[in-house]
Amino acid sequence: MGDNETVICRCEEITLKEIKETIERYQCSAREVKLRTRAGMGPCGGRTCRCMIDRLVEQLGGPSISNEISLSYRPPVRPVSFGVLGGDVK
Amino acid sequence: MNSMRVDNHPVFGSLEKRKNITIYFDDQPYAAYEGDTIASALLASGVRTLRCHEDKGTPRGIYCNIGHCFECRVRVHGQNTVRACLTPVENKMRIESGILATASFKGGKL
């Protein structure tokens, strides 16, 4: 399986190649990888790819993992529609 | 012909009789039993693709089957992001496999 077929973020379908390129080009932290590639922004909330992105950043010379740079857990824990948030949908 | 259904299981024995109902997935009728989830009912009828990736269009279906990953999300009666793996089927339930986004989410181009 080449880098281009290996999917790291299943929800947004971001491949290993895209993430490696982003890290090598911008030397960025895990959070920046998420902002640049959307990996980790999918409905599963980063459950699948968070650790992989952190490890990749560590291996490819990004800043070492500390709690404020790594991908934090953001609400909502489950996807919620604005209708439900607004209260007019059950 | 429920080819995918395990009718008699070496440990759990045979399936007890349950009410037969029909559900509609993308306007196709499928047979199901009461107590099935949408995902298991469709899988029993051989339907594995529950939706396509909204941006890339690749087929998606059951993955975690416990309600975490949302890969099995479908539209039921016009309500989006319904998890097929957790939602029990009802008679004459209308299920759609969701829409493809016209513009790609990435790159911010409109």
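The values are calculated or read from the model by the stated rules, or taken from the named source; none is laboratory data. Predicted model only: the values in this text are computed from it and were never measured. Every residue, glycine among them, receives a Cβ derived from its backbone with ideal geometry; neighbour counts consider all protein chains shown. With ligands, DNA and RNA removed, areas are computed over all heavy atoms of the protein, side chains included. Shrake-Rupley method; radii C 1.70, N 1.55, O 1.52, S 1.80 Å.
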Exercise for the section: Leaving ligands, DNA and RNA out of it, report the carbon-plus-sulfur percent of the accessible area of the protein assembly as shown at a 1.4 Å probe. Expected result: 55 percent
Practice task
Quick one: Debye curve from the alpha-carbon atoms of chain A only, equal weights, vacuum; give me log10 I(q)/I(0) at q = 0.26 Å⁻¹ to two decimals.
Solution key: -1.31
Problem - Kirkwood estimate for segment B:19-96, i.e. one over the average of 1/r between Cα atoms, Å - result: 12.3 Å
Exercise for the section: Relative to the longest principal axis of the C-alpha atoms of chain A, give the angle of the C-alpha long axis of helix A:16-26, reported between 0 and 90° and rounded to the nearest 10°. Expected result: 70 degrees
Exercise for the section: Taking 50 Å² as the minimum loss, tell me which residues in segment A:1-21 lose that much accessible area going from the chain by itself to the full protein complex (1.4 Å probe). Expected result: A:Arg10, A:Glu13
Problem - segment B:1-51 - charge dipole about Cα centre, Lys and Arg +1 at Cβ, Asp and Glu -1, debye rounded to 20 - result: 80 debye
Practice task
Quote the charge dipole size of the protein assembly as shown about the Cα centre in Debye, to the nearest 20; the model charges only the Cβ of Lys and Arg (+1) and of Asp and Glu (-1).
Solution key: 260 debye
Problem - Solvent accessible area, Å² - B:Met93, 1.4 Å probe, full protein context - result: 10 Å²
Problem - Cβ charges +1 (Lys, Arg) and -1 (Asp, Glu), total dipole of chain B, debye - result: 260 debye
Completion exercise
The farthest towards the positive end of the charge dipole of the protein assembly as shown, of the residues A:Leu60, B:Tyr24, B:Gly57, given +1 on Cβ of Lys and Arg and -1 on Cβ of Asp and Glu, is B:Tyr24
Handout entry: Kirkwood Rh and Cα Rg combined as Rg/Rh, the protein assembly as shown
Key = 1.05
Exercise for the section: Would you mind counting up the charge near A:Glu21? Only other residues with Cβ under 11 Å from its Cβ, with Lys and Arg at +1 and Asp and Glu at -1. Expected result: +1
Fill in the blank from the handout: Partner aspartates and glutamates whose C-alpha sits under 20 Å from that of B:Lys17, ignoring same-chain residues fewer than 8 away, are B:Asp7, B:Glu34, B:Asp36, B:Glu90
